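See structure below.
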Amino acid sequence: MTIGNFSPVGNNGQRRGKRILEEEAPLLPSEQEETGEFDEFNGASFAGAVFNLSTTIVGAGIMSLPATMKVLGLVPGILLIIFFAFLTEASIDMLTRFSRAGNTVSYGGVMGDAFGRTGKVLIQLCIIVNNVGVLIVYMIIIGDVLSGTSSGGNHHFGVLEGWFGQHWWTGRFFILLVSMLAVFAPLACFKRVDSLRFTSALSVALAVVFVVITAGIAIVKLLAGSIAMPKLFPDIPDLASVWNFFTVVPVIVTAYICHYNVHPIENELEDPSQIKPVVRTSLALCSTVYLTTSFFGFLLFGEATLDDVLANFDSNLGIPYSSVLNDAVRVSYAVHLMLVFPMIFHALRLNVDGLLFPSARPLSSDNRRFAIVTAVLLSVVFLAANFIPSIWDAFQFTGATAAVCIGFIFPAAITLRDPHGIATKWDKIVAVFMIGLAVLSNVIAIYSDAYALFNESKASPQS
């Protein structure tokens with residue numbers, strides 16, 4: 001993910017595609033030559049790579065997709081989810097093709113090849129801003145789900161508070177501290193992405209659990225005649241409804257952002273040429289999860305679907321064992337986010353290290369630097385999530401901008417720059433379309449967030 005150059009190894013008996021790392025490259029090598037730590041590592045499997053990339057994609061955004069169906073209707077909403085899966089594949093394909101042409105093995109390396117040092121630093125900053133914001137938001141959500149949250153003078157009980165009551169050990173700080181020490185810190189100590197393949201597989205399984213529970217409840221209620229069929233197309237009675245249509249676009253645009261982990265996963269593959277089918281399989285898997293979540297979530301709650309569908313599982317579902325199912329959904333979601341955390345953190349740590357120590361030896365070969373960078377980043381995320389909850393508002397603006405740059409604007413810009421003369425006319429048409437769509441999406445997202453914050457600040461003095 002961070003900056004560095006690799007050179008293909010010639011006829012030295014090593015597997016095809018294995019690369020060696022120059023001293024200044026802050027990326028993880030497949031083999032740790034100084035210590036022999038990774039001598040037994042013969043490359044990541046196809047399934048492990050798919051689970052890791054899928055976990056990078058399916059984060060907290062899955063809970064916002066049913067609300068997009070309420071605005072768009074099922075048919076346009078489903079078509080948009082499928083369309084952006086293909087567009088994301090195109091943007092990742094741009095990155096990997098120019099990576100091979102420039103003999104680089106990181107997103108930063110591709111940007112540096114096209115735009116020099118400025119391009120390298122820019123992508124590193126975008127990944128840092130995006131990933132720090134995502135991790136802080138994940139911790140806030142985990143705290144809300146497990147220990148509850150207060151807003152407008154009302155306290156919404158978390159799962160643990162509902163089970164055991166309000167105690168110091170069910171409070172947000174203690175719950176997040178235990179999560180940090182028992183889950184986040186141990187998983188953050190792995191130096192290879194492939195080491196997270198089992199937790200990534202469990203993370204994807206928990207997302208599927210949410211889909212299965214939601215689908216099961218929706219089908220039971222549909223057969224009982226207690227819910228109506230959802231609308232297929234949007235209602236457009238006035239111009240305000242047209243604006244609402246555009247406000248949901250940023251949610252879908254950023255739903256597949258995973259570009260910062262493509263290169264680290266590719267570098268560890270036993271056969272790096274498999275990265276294209278890995279990407280396609282991951283996008284197909286995640287699209288299936290997104291489509292089923294959107295369809296059954298909207299089918300279950302209809303026009304009552306909230307912006308975050310998880311909030312809909314905070315009330316009586318109108319079926320037997322409603323409270324048990326509500327808790328199962330919320331707990332599985334919280335654990336899912338805990339297991340997504342290390343995948344996002346891995347890319348964050350590499351890019352912070354590459355930005356601060358661009359000429360140092362590989363991070364994985366310097367245990368002291370690895371420990372310090374890891375501890376500092378975990379501490380920053382933990383403290384911000386506990387003591388600066390309003391930081392969420394700031395990341396609504398910076399996160400939206402950084403995400404679209406990572407996912408669409410930078411890959412398109414590299415293609416238009418075409419430093420190796422390999423871009424086709426169609427590539428450049430798609431690149432222009434990507435940039436236009438990303439800029440439009442970002443402007444809408446920033447305007448919507450600013451408008452919501454403005455209205456909230458106006459309403460608060462009156463209350």
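The values are calculated or read from the model by the stated rules, or taken from the named source; none is laboratory data. Computed from a predicted structure; not experimentally measured. With ideal geometry, Cβ positions are generated from the backbone for all residues, glycine too; neighbour counts draw on all protein chains shown. Protein only, heavy atoms only, side chains kept; ligands, DNA and RNA dropped before computing areas. Shrake-Rupley method; radii C 1.70, N 1.55, O 1.52, S 1.80 Å.
Exactly one residue among Ile92, Ile82, Ile78 is open to solvent by less than 10 Å² (accessible area, probe 1.4 Å), in a helix (DSSP H, G or I), in contact with a helix residue (DSSP H, G or I) (Cβ under 9 Å, 6 or more places away or on another chain) and not hydroxyl-bearing (Ser, Thr, Tyr), and that residue is Ile92.
Could you tell me how many of the residues in segment 218-249 are of a type in the set (A, V, I, L, M, F, W, C) and part of a helix (DSSP H, G or I)? The number of residues fulfilling the criteria is 12. Evaluate the following for Thr199: is it open to solvent by 60 Å² or more (accessible area, probe 1.4 Å) and hydroxyl-bearing (Ser, Thr, Tyr)? No: the conditions fail for Thr199. Given the criterion free of Cβ contacts under 8 Å to residues at least 12 places away in the same chain and either closer than 23 Å to Gly162 by Cβ or of a type in the set (Gly, Ala, Ser) (or both), identify the matching residue among Asn326, Asn316. Selected residue: Asn316, the only one of Asn326, Asn316 that is free of Cβ contacts under 8 Å to residues at least 12 places away in the same chain and either closer than 23 Å to Gly162 by Cβ or of a type in the set (Gly, Ala, Ser) (or both).
Just one of the listed residues (Phe341, Phe382) is in contact (Cβ under 8 Å) with a residue 40 or more places away in the chain and closer than 23 Å to Asn52 by Cβ, namely Phe341.
Only one entry in Tyr256, Tyr290, Tyr260 is in contact (Cβ under 8 Å) with a residue 60 or more places away in the chain, buried (at least 24 other Cβ atoms within 10 Å of the Cβ) and either of a type in the set (Asp, Glu) or part of a loop (DSSP other than H, G, I, E, B) (or both), namely Tyr256. Within this structure, Phe210 fails the test of being within 19 Å of the chain's Cα centre (by Cα), at pLDDT 95 or above, open to solvent by less than 70 Å² (accessible area, probe 1.4 Å) and not polar (S, T, N, Q).
None of Ile319, Ile388 is β-branched (Val, Ile, Thr), open to solvent by 10 Å² or more (accessible area, probe 1.4 Å), at pLDDT below 90 and farther than 26 Å from Gly143 by Cα except Ile319.
Residue check: is Ile127 open to solvent by less than 20 Å² (accessible area, probe 1.4 Å), more than 28 Å from Ile175 (Cα to Cα), within 18 Å of the chain's Cα centre (by Cα) and not polar (S, T, N, Q)? Criteria not met by Ile127. Among the residues of segment 293-322, those that are within 17 Å of Met63 (Cβ to Cβ) and in a loop (DSSP other than H, G, I, E, B) comprise Thr305, Leu306, Asp307, Asp308, Ser315, Leu317. Pairs meeting the criteria (first residue in segment 63-90 and more than 22 Å from Val208 (Cα to Cα) and hydrophobic (A, V, I, L, M, F, W, C), second residue at pLDDT 90 or above and open to solvent by 10 Å² or more (accessible area, probe 1.4 Å), beta carbons under 7 Å, at least 6 apart or on different chains) are Leu72/Leu80; Ala90/Val430.
Please tell me if Phe433 is at pLDDT below 90 and open to solvent by 60 Å² or more (accessible area, probe 1.4 Å). For Phe433, the condition - at pLDDT below 90 and open to solvent by 60 Å² or more (accessible area, probe 1.4 Å) - is not met. The one condition from (1) at pLDDT below 90; (2) in a helix (DSSP H, G or I); (3) of a type outside the set (Phe, Trp, Tyr); (4) surrounded by fewer than 19 Cβ atoms within 10 Å (Cβ to Cβ) that His155 does not meet is (2). So, in segment 344-379, exactly how many residues are assigned to a helix (DSSP H, G or I), touching a residue at least 40 places away in the same chain (Cβ under 8 Å) and of a type outside the set (A, V, I, L, M)? Qualifying residue count for the region: 10. Looking only at segment 158-217, residues that are assigned to a loop (DSSP other than H, G, I, E, B) and not charged (D, E, K, R) come to 7 in all. Quickly run through segment 183-203 and pick out the residues that are touching a Ser or Thr at 6+ places or on another chain (Cβ under 6 Å) and closer than 15 Å to Ala334 by Cα. Result: Ser200, Ser203.
From the residues in segment 39-49 that are open to solvent by 10 Å² or more (accessible area, probe 1.4 Å) and in contact (Cβ under 8 Å) with a residue 60 or more places away in the chain, which one is nearest to Glu303 (Cα to Cα)? Of everything passing the filter in segment 39-49, Ala47 is nearest to Glu303 (Cα to Cα). Identify all residues within segment 282-312 that are touching a Phe, Trp or Tyr at 6+ places or on another chain (Cβ under 9 Å) and modelled with pLDDT under 90; write none if there are none. Selection gives Thr305, Val309, Leu310, Asn312. Taken over segment 132-152, the criterion of being at pLDDT 80 or above and either closer than 20 Å to Asn326 by Cβ or touching a strand residue (DSSP E or B) at 6+ places or on another chain (Cβ under 9 Å) (or both) is satisfied by Ile140, Ile141, Ile142, Gly143, Asp144, Val145, Leu146, Ser147. Being modelled with pLDDT of 95 or more, farther than 15 Å from Gly77 by Cα and assigned to a helix (DSSP H, G or I) is a description that applies to Val279.
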